[in-house]
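Engineer: Have a look at this one before I ask anything.
The values are calculated or read from the model by the stated rules, or taken from the named source; none is laboratory data. Note that the coordinates shown come from a computational prediction; the quantities given were computed from them, not determined experimentally. Neighbour counts run over all protein chains shown; Cβ positions are idealised from the backbone, glycine included. The protein model used for the area step is the full one, side chains on, heavy atoms only, and it has no ligands, DNA or RNA in it. Shrake-Rupley method; radii C 1.70, N 1.55, O 1.52, S 1.80 Å.
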Amino acid sequence: MFCEQCEQTASGNGCHQWGACGKSPEVNAVQDLSMYVLRGLAPVALRARELGISTTEVDRFTCEAIFATMTNVNFDRDRFSNDIRRAIAYREDIKAQIQQAGAPETWLPISCYEPDYNESLVSQGQEISLQFLSQGQGNVDIFSLKLTVLYGIKGVASYAFHAMEMGQEDGAVYQFIYEALAALERQNITLNGWVAIALKVGEINLRTMELLDAGHTSTYGHPTPTPVPLNHKTGKAILVSGHDIPQLEAILTQTVGKGITVYTHGELLPAHGYPRLKETYPHLHGHYGTAWQNQTKDFAKFPGAIIITTNCLMPPHDNYEHKLFSVGPVGYPGLNAIPMGADGHPDFTPAINKALELPGFTEEDAPRQVMTGFARNAVLGVADKVIEAVKAGQIRHFFLVGGCDGAKPDRNYYTEFVEKVPEDCIVLTLACGKFRFFDKDLGNIGGIPRLLDVGQCNDAYSAIQIAIALANAFGVGVNELPLSMILSWYEQKAVAVLLTLLYLGIQDIRLGPTLPAFISPNVMSLLSQTYKLKPIATPDEDLAACLAKG
Ligand code: SF4
Ligand code: SF3
């Protein structure tokens with residue numbers, strides 16, 4: 001096998017024997033085969049769209065099928081075999097519709113591929129992977145950019161899936177996903193052509209995050225600063241993990257009046273900031289545990305049912321597998337998958353029954369809390385105060401310390417960095433990397449908290465809006481603001497967000513804990529020359545350099 005799509009890739013240069021995430025070579029092969037048939041489906045879908053043939057169902061399927069191949073999402077071979085069959089069925093169906101429309105066949109021969117279902121899909125996937133990887137023996141820099149596009153598109157597809165769940169879709173997003181997938185099969189694109197496609201991934205990701213933001217804010221209201229208890233209440237309990245706020249709401253709806261308290265985990269912490277969710281469901285109590293990589297400890301201790309939506313799932317341990325349930329693109333062989341109800345929505349009854357069977361919390365613990373909900377509306381609502389504080393010299397600098405968390409010890413950099421930020425500076429944060437410092441009391445500057453949780457990784461959209469508004473207020477560009485971005489990455493959503501920041505021309509981003517293995521030295525030097533993108537150094541060195549910027 002070969003996979004290098006995430007930050008924890010083995011020895012920093014690719015998982016070859018077994019995934020550091022727990023993915024087996026067999027699952028990797030069927031994931032590669034699934035992505036291959038999706039690349040074959042893409043030009044056919046594009047042709048259909050040109051002819052005005054509806055691809056709505058295929059658009060949604062494509063995003064979910066891509067999403068399932070991301071790091072820590074789905075480890076179930078059957079899921080990918082099923083996706084391969086569905087992709088081919090969609091492709092053949094659209095081809096038939098195109099023929100009926102009387103259009104000449106102009107798609108590439110690749111779109112006729114069909115695996116031999118009597119033979120192992122694993123060995124066929126391995127062959128396909130080798131063919132794709134052989135392109136890396138030609139121009140390594142072009143191959144590096146192709147992988148950047150492929151991984152960035154995975155991030156975009158995941159956000160598009162979440163946005164779609166709340167009725168927010170844009171044909172331009174699906175169109176570009178197909179264009180990028182189809183481009184991956186072309187051999188005649190130059191290095192500059194690939195740079196342009198990678199930046200376009202960033203542009204489309206910005207639009208996709210905007211759709212997701214519109215979905216969340218129109219459904220649940222704009223986040224407001226909200227205290228979130230970290231202590232539990234006595235009684236039966238359900239823990240909801242992942243990124244999916246509508247699924248959290250579905251669980252809240254189905255547990256009304258059942259005497260169950262619902263807790264968030266991981267990237268669902270910012271859900272507490274949405275006013276309509278808090279007002280409607282008083283049994284949404286607090287947050288439990290920290291980032292995804294601590295789930296084996298957190299889940300084992302939780303005395304109720306646990307539902308994991310989307311990502312990030314680790315291979316479950318025996319001591320909590322019986323109380324763990326999956327929903328949506330996420331999955332693991334043998335794991336309890338939430339069934340669909342008669343209304344076409346997930347029916348959480350098995351998880352609710354499990355929560356009622358389990359003891360729940362038998363004792364209260366001491367009250368502790370963190371704050372969330374500092375998204376664009378909340379921060380820009382006090383923009384005058386912020387601007388005044390900057391002008392008066394009370395706020396010297398803003399740091400956006402955001403991104404993913406992970407298991408490696410070198411991620412302590414981010415904790416140390418935040419601890420060392422001087423007292424006249426503000427820290428904005430987002431995504432699961434914040435769990436390295438989210439419960440630190442950094443105090444406030446003239447009533448403005450020094451640690452502001454903007455939200456999930458997709459709320460990078462909100463952080464961008466805050467930066468643009470501040471730049472406009474000061475009459476400068478974003479790069480001239482006293483703002484530095486210190487980012488941590490782990491999986492492919494972070495790749496998409498990074499491409500968005502580069503598309504917007506943001507300079508001087510510091511990226512860690514290590515640079516992506518799929519970025520070749522020449523591509524890295526191009527990024528450092530054009531955008532001054534750099535790897536993190538030490539907290540002291542980076543802080544000094546950022547503060548010297550002004
Ligand atoms: Fe390795 Fe990451 Fe790929 Fe898993 S997703 S196999 S850890 S590179
Ligand atoms: Fe985290 Fe998976 Fe990236 Fe959404 S939960 S940020 S890693």
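Engineer: Contour minus end-to-end for ALA407 and GLN187, with contour as 0.36 nm per residue of separation and end-to-end as the Cα-Cα distance?
Structural biologist: 75.5 nm
Engineer: Give me the tail of P(r) for region 181-288 as a percent: Cα-Cα pairs with distance above 17 Å. Intermediate results must be reported in sequence, preceding the final value.
Structural biologist: Numbers: 3527 of 5778 pairs.
Here the tail beyond 17 Å accounts for 61 percent of pairs.
Engineer: So if we plug the beta-carbon distance of SER218 and THR253 into 1/(1 + (r/R0)^6) with R0 = 22 Å, what FRET efficiency do we get, rounded to 0.05?
Structural biologist: 0.75
Engineer: Separate question: Using the Kyte-Doolittle scale, find the helices of the chain whose mean hydropathy is at least 0.0 and whose Cα atoms extend 20 Å or more along the helix's long axis, counting only whole DSSP H runs.
Structural biologist: Details: long enough: 25-50 (38 Å, 0.17); 77-100 (35 Å, -1.26); 140-165 (38 Å, 0.85); 191-220 (43 Å, 0.28); 460-474 (21 Å, 1.45).
Helices meeting the criterion: 25-50, 140-165, 191-220, 460-474.
Engineer: Let me ask something additional. What does the accessible area per residue of the chain come to in Å², with a 1.4 Å probe and no ligands, DNA or RNA counted?
Structural biologist: 37 Å²
Engineer: Only bridges whose two residues both fall in the chain count here: according to DSSP, what percent of them are antiparallel, nearest 5?
Structural biologist: 20 percent
Engineer: Tell me which residues come under 5 Å, amide H to amide H, from ILE307 once H is placed; ignore anything under 5 positions away on its chain.
Structural biologist: LEU239, VAL240, SER241, PHE325
Engineer: Give me the one-decimal nm value for the distance between modelled label points at HIS317 and GLU423, 7 Å along each residue's Cα-to-Cβ direction.
Structural biologist: For HIS317 paired with GLU423, the spin-label model returns 4.1 nm.
Engineer: What FRET efficiency do you get for ALA196 and GLU364 if R0 is 56 Å and r is their Cβ-Cβ distance, rounded to the nearest 0.05?
Structural biologist: Efficiency for this residue pair is about 0.45.
Engineer: Mind checking which aspartates and glutamates have their Cα closer than 12 Å to the Cα of LYS323? Skip sequence neighbours fewer than 8 apart in that chain.
Structural biologist: Of all the aspartates and glutamates, those that pass the test against LYS323 - Cα under 12 Å, at least 8 places apart if same chain - are GLU357.
Engineer: Another question about this same structure. Evaluate the Kirkwood expression for the hydrodynamic radius of the chain, namely the inverse of the mean inverse distance over all pairs of different C-alpha atoms, and round to one decimal in Å.
Structural biologist: In the chain this quantity evaluates to 24.1 Å.
Engineer: Also, I was wondering about something else. Quick check: residue separation of ASP347 and GLU203 times 0.36 nm, minus the Cα distance between them. What number comes out in nm?
Structural biologist: Full-extension gain reported as 48.2 nm.
Engineer: Would you calculate the separation in nanometres between label points at ASP78 and THR415, each defined as 7 Å from the Cα along the Cα-to-beta-carbon direction?
Structural biologist: 4.0 nm
Engineer: Diagonalise the Cα gyration tensor of region 469-550 and give the resulting equivalent ellipsoid semi-axes, square root of 5 times each eigenvalue, largest first, whole Å. Before the final figure, lay out the partial values.
Structural biologist: Numbers: eigenvalues 96, 49, 28 Å².
Whole-Å semi-axes of the equivalent ellipsoid: 22, 16, 12.
Engineer: Amide H of LEU428 versus every other amide H placed in the peptide plane: which residues, excluding those fewer than 5 positions away on the same chain, fall under 5 Å?
Structural biologist: The answer is PHE399, LEU400, VAL401, LEU452.
Engineer: What 222 nm value per residue comes from the helices of the chain, counting each DSSP H run with n ≥ 4 as -39,500 (n - 2.57) and dividing by all residues, nearest 500 deg cm²/dmol?
Structural biologist: That comes out to -15000 deg cm²/dmol.
Engineer: Also, quick follow-up: List the residues of region 35-51 whose backbone N lies under 16 Å from a point placed 7 Å from the Cα of CYS112 along the Cα-to-Cβ direction.
Structural biologist: Answer for region 35-51: 40-41, 44.
Engineer: If we sort 321-329, 505-513 on the protection proxy, mean other Cβ atoms within 10 Å, highest first, what's the order?
Structural biologist: 321-329, 505-513
Engineer: May I ask you to give the percent of accessible area on the chain that is carbon plus sulfur, with a probe radius of 1.4 Å?
Structural biologist: Ligands and nucleic acids excluded, carbon and sulfur reach 51 percent.
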